[in-house]
Amino acid sequence: MAISKAAPQGTDDHREQQARPQEEGRHLNSPLLLTMLMVVLVLLQSPIRRALSAPVMQSWTTVFVAVMVQALPFLVLGVLLSAAIAVFVPPSFFARALPSRPALAVPVASAAGAVLPGCECASVPVAGALVRRGVTPAAALAFLLSAPAINPIVLTATAVAFPGDPEMVLARLVASLLVACAMGWLWLRLGRTDWLKPPTRPSHDGHTKGEAFWGSVRHDVMHAGGFLVVGAMAAATLKAVAPESWLRAAADNPVLSVLVLAVLAVLLSICSEADAFVAASLSQFSLTARLTFLVVGPMIDLKLFAMQAGTFGRAFALRFAPATFALAVGVSVLTGWVIL
């Protein structure tokens, strides 16, 4: 009986001893694979250089680098604010700052977006921190939509880009606030908790506040930064292959021009601090169509969709993004008709 019991244990030990060298072999092969990859790149450097020098690849690289350079500083700003909120701001602060009734908290949170000098890359991690701190998701989502579109830097850039049309600043402010509030109330009315994945971060129990702060920063940079890269790559690909003749043909049709610039805002994924200058350069389009470009872009574009899916879950993004797009287009047209 003793021998029969010992046999399985010896067999398990033998299997573990066999598995350990295999695991070590996989680890030892990693530098070898990296070396082989470097050798292949060196051998193929001439074909790779020719491919990268093609006009399409140069356009792709330009757009990708531009999106990343514009977005990264504000992503870092948002990450720092998110970590500061998570570590240093007590949860009771938000209960005092926002009205207790969610329906009233939505417009207050929308108006609070005016104080954050950042773009959509900054608003996503901040909105995630608000949800983690117990703020009603409807208010946090309203803040997420309004902050990139109505902060002082964006409005100032819009005024500079449209010196002959000062009403564009007012139209952008009004339309963006209306969309943010409407989406917050819509989520309050129709949103379901199982659609929104609560944003998570690693636990920092037992650490000092400084250690917890930098731990949160590292987590959010790696998490949100990865989705930013994916979105920037998609935007660069679409920009490089889209014919410019489509824009000229669409500008002559009032309805089509609005839809084209709305879709273009999603595809280009331009930072909200720079989109006004791009819109001003599209002088063949009407002011209402360009207003749609300015309202849609900061609320839903490729990189923002990827970051929202990574922060709040794909089920949320697949519902929230189309609704935001449709509402932003409708409100922009109505606001343009009244103000412009």
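Per-residue accessible area (protein heavy atoms, 1.4 Å probe) orders LEU334, LEU80, LEU264 as LEU334, LEU80, LEU264, starting from the largest.
Any chance you could run the full-extension gain for VAL65 through SER283? It's 0.36 nm times the residue separation minus the Cα-Cα distance, nm to one decimal. Could the numbers behind the result be given before it?
Details: separation 218, 0.36 × 218 = 78.48 nm, distance 2.53 nm.
Taking VAL65 through SER283 to full extension adds about 76.0 nm, to one decimal.
Determine the gain in length on full extension of the stretch LEU104-ASN253; use 0.36 nm per residue of separation and subtract their C-alpha separation, reporting nm with one decimal. Could you put the intermediate results ahead of the total?
Numbers: separation 149, 0.36 × 149 = 53.64 nm, distance 3.97 nm.
This chain segment gains 49.7 nm when fully extended.
Per 0.36 nm of contour for each residue apart, how much would the distance between LEU33 and LEU318 grow if the chain were fully extended, relative to their Cα-Cα spacing?
Details: separation 285, 0.36 × 285 = 102.60 nm, distance 3.78 nm.
This chain segment gains 98.8 nm when fully extended.
So if we plug the beta-carbon distance of ALA97 and THR237 into 1/(1 + (r/R0)^6) with R0 = 45 Å, what FRET efficiency do we get, rounded to 0.05? Working from the Cβ atoms, E equals 0.60.
Structural size metrics of the stretch 109-194, computed from C-alpha coordinates, are Rg and Dmax of 13.7, 48 Å.
At 1.4 Å probe size, with every protein chain present, just tell me what the per residue accessible area of the stretch 231-313 comes to in Å².
Numbers: 2970 Å² over 83 residues.
Per-residue accessible area for the stretch 231-313 comes out at 36 Å².
The values are calculated or read from the model by the stated rules, or taken from the named source; none is laboratory data. What you see is a predicted model; the values in this text were computed from it and never measured. Backbone-built Cβ (ideal geometry, glycine too); neighbour counts: all protein chains shown. The area values use the complete protein model at the heavy-atom level, side chains included, leaving out ligands, DNA and RNA. Shrake-Rupley method; radii C 1.70, N 1.55, O 1.52, S 1.80 Å.
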